[in-house]
Amino acid sequence: MTGPARVCRHCDEVITDPEDAVIVGHDAGNSGPGWTVWAHRDHAELVDTLPDDFLRVLLSVWGAQVR
Ligand SMILES: [Zn+2]
């Protein structure tokens, strides 16, 4: 399997099972589209990513696409 490894934001372990990987947020990059934040399914609700941040990023992305 190629591509960037999915690392759990909560426990910093690599998520080897795609079925166990859930998206918990998105980090904005300084020069680029940023990257997706992953977590184990069992750890998703333990990650301290603020939902408001996630929504704000989503809205900014949508706004950029509309313009
Ligand atoms: Zn984890």
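The values are calculated or read from the model by the stated rules, or taken from the named source; none is laboratory data. In this text, all values refer to a predicted model and were calculated from it rather than measured experimentally. Please note: Cβ atoms are built from the backbone with ideal geometry, for glycine as well, and neighbour counts cover all protein chains shown.
Every residue, every condition in (1) crowded, with 18+ Cβ neighbours inside 10 Å; (2) of a type in the set (A, V, I, L, M); (3) touching a strand residue (DSSP E or B) at 6+ places or on another chain (Cβ under 9 Å); (4) modelled with pLDDT of 90 or more, yes or no:
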position: G25; (1), (2), (3), (4): yes, no, yes, no
position: G29; (1), (2), (3), (4): no, no, yes, no
position: W38; (1), (2), (3), (4): yes, no, yes, yes
position: D42; (1), (2), (3), (4): no, no, no, yes
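Any chance you could count how many residues in the range 24-37 are touching a helix residue (DSSP H, G or I) at 6+ places or on another chain (Cβ under 9 Å) and assigned to a strand (DSSP E or B)?
Selection size over the range 24-37: 5.
Just to be sure I understand, how many residues within the range 1-23 are in contact with a strand residue (DSSP E or B) (Cβ under 7 Å, 6 or more places away or on another chain) and either outside any loop (DSSP other than H, G, I, E, B) or within 19 Å of V61 (Cβ to Cβ) (or both)?
7
If you take the residues in the range 1-23 that are among the charged types (D, E, K, R) and loosely packed, with under 15 Cβ neighbours inside 10 Å, which one is nearest to the ligand (Cβ to nearest atom)?
Selected residue: E13.
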